[in-house]
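For reference, the structure discussed in these notes is given below.
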Amino acid sequence: MDTVRALLAIAIAAILLFPGCTGNQGNGLTEEDVAKLLNGTDRKNISVDIIIYHGEECPHCKRTISMLGLLNNSYDIGMTLRETWHDETNAKELESVFNRFGVDPGMRGVPVSIVNGKMMAIGELSLKNWVSVLDECGAGNCRDGVFYEDPQTGNLVKG
């Protein structure tokens, strides 16, 4: 019984100390998937800056970084990575960013992507939604505020 209590205490501490990962369950994307969605068009003339707050062990974060790396072959993405689970300075900075965007404490987790300083995307986004965000922001029409991907519809929803 003491072992069960100890494991439960460790699990609760981990949840409280490390904000969760937020996103869908994997993408397995390839260069061909990106090229197909973009109809083979090179969009290197579209320039977007993205700060990604992530957790080192977060699978959703790893997929987000990987997807944006693939998209960077077609777009001009200035990507800055800030690890928050093991870097206290970055964690405090993310907390400040959450406060600036008015994010409810119950909605906070990683990955968090700040696009052109205007849009906050919480959680993992699909390839289709990232292409839409990159095209909009690259054209100067970046959405303002906090967004996440609705798991039911796959659409970006303002949060």
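The values are calculated or read from the model by the stated rules, or taken from the named source; none is laboratory data. Remember, it's a predicted structure, so these values are computed and weren't measured experimentally. Ideal geometry is used to build each Cβ from the backbone, glycine not excepted, and the neighbour counts take in all protein chains shown.
Among the conditions (1) assigned to a strand (DSSP E or B); (2) surrounded by 13 or more Cβ atoms within 10 Å (Cβ to Cβ); (3) among the charged types (D, E, K, R), Lys62 misses just one, which is (1). Check segment 71-82 and report whether any residue there is among the hydrophobic types (A, V, I, L, M, F, W, C), at pLDDT 95 or above, surrounded by 16 or more Cβ atoms within 10 Å (Cβ to Cβ) and in a helix (DSSP H, G or I). No, there is no match, as no residue in segment 71-82 is among the hydrophobic types (A, V, I, L, M, F, W, C), at pLDDT 95 or above, surrounded by 16 or more Cβ atoms within 10 Å (Cβ to Cβ) and in a helix (DSSP H, G or I).
Inclusion of Val103 among residues that are in a loop (DSSP other than H, G, I, E, B) and of a type in the set (A, V, I, L, M) is warranted. Residues in segment 19-63 that are touching a His at 6+ places or on another chain (Cβ under 7 Å) and modelled with pLDDT of 80 or more were compared, and the one that is farthest from Met119 (Cα to Cα) is Glu56. Counting just the residues of segment 109-118 that are of a type outside the set (D, E, K, R) and touching an Asp or Glu at 6+ places or on another chain (Cβ under 7 Å), which one comes out farthest from Gly140 (Cα to Cα)? Taking the candidates together, the pick is Pro111. Give the residues of segment 58-86 that are among the acidic types (Asp, Glu) and within 14 Å of Trp130 (Cα to Cα), sorted by residue number. Passing the criteria: only Asp76.
Is it the case, given these coordinates, that Glu56 is surrounded by fewer than 18 Cβ atoms within 10 Å (Cβ to Cβ), in contact with a strand residue (DSSP E or B) (Cβ under 9 Å, 6 or more places away or on another chain) and not small (Gly, Ala, Ser)? It is true that Glu56 is surrounded by fewer than 18 Cβ atoms within 10 Å (Cβ to Cβ), in contact with a strand residue (DSSP E or B) (Cβ under 9 Å, 6 or more places away or on another chain) and not small (Gly, Ala, Ser). Test Lys118 against the criterion of being basic (Lys, Arg) and at pLDDT 95 or above, and give yes or no. Yes: the conditions hold for Lys118.
Scan segment 106-142 for residues that are touching a His at 6+ places or on another chain (Cβ under 9 Å) and in a loop (DSSP other than H, G, I, E, B) and the total you get is 4.
Reported count of residues in segment 134-144, each being surrounded by 12 or more Cβ atoms within 10 Å (Cβ to Cβ) and in contact (Cβ under 8 Å) with a residue 12 or more places away in the chain, is 6. In this entry, Glu93 is excluded by the filter for residues that are modelled with pLDDT of 95 or more, in a loop (DSSP other than H, G, I, E, B) and charged (D, E, K, R). Residue-level analysis places Thr84 among those that are farther than 30 Å from Asp42 by Cβ and touching a Leu at 6+ places or on another chain (Cβ under 8 Å).
Condition check ((1) within 18 Å of Leu71 (Cα to Cα); (2) touching a strand residue (DSSP E or B) at 6+ places or on another chain (Cβ under 6 Å); (3) at pLDDT 95 or above) across all residues:
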residue: Asp104; (1), (2), (3): no, no, no
residue: Met107; (1), (2), (3): no, no, no
residue: Ser126; (1), (2), (3): yes, no, no
residue: Asn129; (1), (2), (3): yes, yes, yes
residue: Gly140; (1), (2), (3): no, no, no
